[in-house]
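K.L.:
Supplied in structure tokens, the structure appears directly below.
The values are calculated or read from the model by the stated rules, or taken from the named source; none is laboratory data. What you are looking at is a predicted structure, and each value in this text was computed from that prediction instead of being measured. Protein only, heavy atoms only, side chains kept; ligands, DNA and RNA dropped before computing areas. Shrake-Rupley method; radii C 1.70, N 1.55, O 1.52, S 1.80 Å.
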Amino acid sequence: MSGPTLTHIDRTGAANMVDVSDKAATSRTAVAEGVVVMRPATLALIREGDAKKGDVIGTARLAGIMAAKRTHELIPLCHPLLITKVRLTCEPDDDLPGLRLTAEVKVQGQTGVEMEALTAVSVACLTVYDMVKAADRGMRIEGIRLLSKEGGKSGAWAAGS
């Protein structure tokens, strides 16, 4: 059976870090999203800035940016990268109700930034939960996924395409 291979597994089945030394450095971008579903009253607390721990959206944004930069310390086989941009947005969404978080990460490098974008949005969602859990322990973190990636040998990819 031929097809895609697992790049982090060697011929013996052992985990290994992929050797990217022969790959060209190119511009690479990844975008990931996640949502925190909560009670409408909890969303109102966040909007009004009345959460006991402070600015929920601003703190989640900073946490996501910091997480993207430290992904290699959390995910065992990720390469440390010189990230050139992290943008994290956190938008209230009454239809959830809750917050919709999106992370965009860029690098000029030899490997992609999908894991950095996913880590950024995951930690930002966890930060939201931590900051308002006293008001709503029933919140749900959902839908963390890669939306798109660009650059590298495999080129562009988008969810749903």
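K.L.:
Which shape class applies to the range 1-62: rounded if a/c is under 1.5, otherwise prolate when a/b exceeds b/c and oblate if not, where a ≥ b ≥ c are the square roots of the Cα gyration tensor eigenvalues?
P.N.:
On the way: a/c = 3.61, a/b = 2.63, b/c = 1.37.
Prolate shape, in that a/c is at least 1.5 and a/b is the bigger ratio.
K.L.:
Please list Arg137, Arg28, Arg11, Arg70 from largest to smallest accessible area, probe radius 1.4 Å, with all protein chains kept in place.
P.N.:
On the way: Arg137 160, Arg28 20, Arg11 245, Arg70 125 Å².
If we order Arg137, Arg28, Arg11, Arg70 from most to least accessible, we get Arg11, Arg137, Arg70, Arg28.
K.L.:
Still on this structure, I have one more. State, as an integer percentage, the relative contact order of the chain based on alpha-carbon contacts under 8 Å between residues 6 or more apart. Don't skip to the end; give the middle numbers.
P.N.:
Values: 327 pairs, mean separation 56.9, N = 161.
Over the chain, the number comes to 35 percent.
K.L.:
Next question, about the same structure. Picking from Met17, Met38, Met66, which is most flexible by a Gaussian network model of the chain using Cα springs under 10 Å?
P.N.:
Top of the fluctuation ranking is Met17.
K.L.:
Cα-based Rg (one decimal) and Dmax (whole number) for the chain, in Å?
P.N.:
When restricted to the Cα atoms of the chain, Rg and Dmax are 17.6, 57 Å.
K.L.:
Please report the spacing between the Cα centers of the range 88-132 and the range 19-78 in Å, no decimals.
P.N.:
Distance between centres, Cα-based: 4 Å.
K.L.:
Enumerate the calculated ³J(HN,Hα) couplings along the range 11-19 in order (Karplus 6.51 cos²θ - 1.76 cosθ + 1.60, θ = phi - 60°), each rounded to whole Hz, writing x wherever the residue is Gly or Pro.
P.N.:
After applying 6.51 cos²θ - 1.76 cosθ + 1.60, I find 4, 8, x, 7, 6, 8, 7, 5, 7 Hz.
K.L.:
For the chain, what does -39500 (n - 2.57) per DSSP helix run (n ≥ 4), summed and divided by total residues, give at 222 nm, in deg cm²/dmol to the nearest 500? Intermediate results must be reported in sequence, preceding the final value.
P.N.:
On the way: 4 runs with 46 residues, N = 161.
Mean residue ellipticity at 222 nm (helix-derived): -9000 deg cm²/dmol.
K.L.:
What whole-number value in Å² describes the accessible area per residue of the chain for a 1.4 Å probe?
P.N.:
Result: 58 Å² of accessible area for each residue.
K.L.:
In the range 1-147, carbon and sulfur make up what percent of the accessible area (probe 1.4 Å)? Before the final figure, lay out each step's value.
P.N.:
Details: 4640 of 8360 Å².
The value for the range 1-147 is 55 percent carbon and sulfur by accessible area.
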